[in-house]
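For reference, the structure is listed below as structure tokens.
The values are calculated or read from the model by the stated rules, or taken from the named source; none is laboratory data. Note that the coordinates shown come from a computational prediction; the quantities given were computed from them, not determined experimentally. In this analysis, Cβ positions are derived from the backbone assuming ideal geometry, glycine residues included, and neighbour counts consider all displayed protein chains.
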Amino acid sequence: MPKFLYVYHGGSVPETEEEGKKVMQAWMDWMGSLGDAIVDGGNPVGMSKTVMPGGKVADDGGANPTSGYSLVNAADMDDALAKAKGCPILDAGGSIEVAETLDM
């Protein structure tokens, strides 16, 4: 079955511990709903740096900073997109980049 990389961008940070618990539960519920489709639930990520041509390093996180990733099995791109539409990051103002991984 094809695998798809979900790259999460943006989203807001919970302001209270209680809000954080609710957000975490929403993520756990969504991932649970995906069941065996989850290959790697991934992790949140910190601020990134970008190595540019010539070796210059940009350390501003880029135009649309990455906030995490997951790897998911899906029948095809449409299925991967449908699964992504339930992700809680969308409720927090974030977005999800979806790309099929290629076997080499």
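This table checks each residue for (1) more than 18 Å from the chain's Cα centre (by Cα); (2) part of a helix (DSSP H, G or I); (3) not hydrophobic (A, V, I, L, M, F, W, C).
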| residue | (1), (2), (3) |
| --- | --- |
| Asp29 | no, yes, yes |
| Ser33 | no, yes, yes |
| Val72 | no, no, no |
| Ala75 | yes, no, no |
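For the range 2-27, the set of residues classified as aliphatic (A, V, I, L, M) and either farther than 17 Å from Gly42 by Cβ or outside any helix (DSSP H, G or I) (or both) consists of Leu5, Val7, Val13, listed by residue number. Taking the range 49-61 as the region of interest, how many residues are touching a strand residue (DSSP E or B) at 6+ places or on another chain (Cβ under 6 Å) and within 20 Å of Ser95 (Cβ to Cβ)? Qualifying residue count for the region: 1. Name every residue in the range 36-70 that is on the phi > 0 side of the Ramachandran plot and either touching a helix residue (DSSP H, G or I) at 6+ places or on another chain (Cβ under 7 Å) or exposed (fewer than 10 other Cβ atoms within 10 Å of the Cβ) (or both), in order of residue number. Across the range 36-70, the qualifying residues are Gly54, Gly55.
In the condition set (1) over 11 Å from the mean Cα position of the chain (by Cα); (2) at pLDDT below 95, Pro44 is compliant with all but (1).
When the residues of the range 77-97 are narrowed to those that are assigned to a helix (DSSP H, G or I) and out of contact with any strand residue (DSSP E or B) (no Cβ under 8 Å at 6 or more places or on another chain), which ends up surrounded by the most Cβ atoms within 10 Å (Cβ to Cβ)? Here the residue is Pro88.
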